[in-house]
Amino acid sequence: MAFIMENFAVLISAWSLFLLLAGFLYGFRRAKERVIAAAEEGKRARSALLPPLSAQARSRVEEALRNGDKAGAIKLMREETGLDLAEAEAAVEALGR
């Protein structure tokens, strides 16, 4: 008991540092989980932008993008899906990511 009374300030300081570190680590873990969840949600949102395409049409659009023909890829996307220009452009950009 005498040890505790003599070193009370040191023990309180050590306990405070422990709680501070534990809180920081818990907060860091929670923040990391939220960042990972947001990244997963972003991937799902991007894939939701893509209209359903046949495998052949998708490969033709991807080929046009690889050749640097973005306008051709947008034209193909519009022909295959019936999207308007802005939607087709957004879909092609999402496909190119």
Within the chain, helices (runs of 4 or more DSSP H) holding 2 or more residues that are of a type outside the set (S, T, N, Q) and in contact (Cβ under 8 Å) with a residue 40 or more places away in the chain: 8-49, 85-96
Sole residue being surrounded by 10 or more Cβ atoms within 10 Å (Cβ to Cβ), β-branched (Val, Ile, Thr) and out of contact with any strand residue (DSSP E or B) (no Cβ under 8 Å at 6 or more places or on another chain), chosen from Ile4, Ile74: Ile74
Residue among Ala71, Ala57 that is touching an Asp or Glu at 6+ places or on another chain (Cβ under 7 Å), of a type in the set (A, V, I, L, M, F, W, C) and modelled with pLDDT of 85 or more: Ala57
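The values are calculated or read from the model by the stated rules, or taken from the named source; none is laboratory data. Keep in mind that what you see is a predicted model, and the values were worked out from it rather than measured. Because the Cβ atoms are built from the backbone with ideal geometry, glycine has one as well, and the counts that use them run over all protein chains shown.
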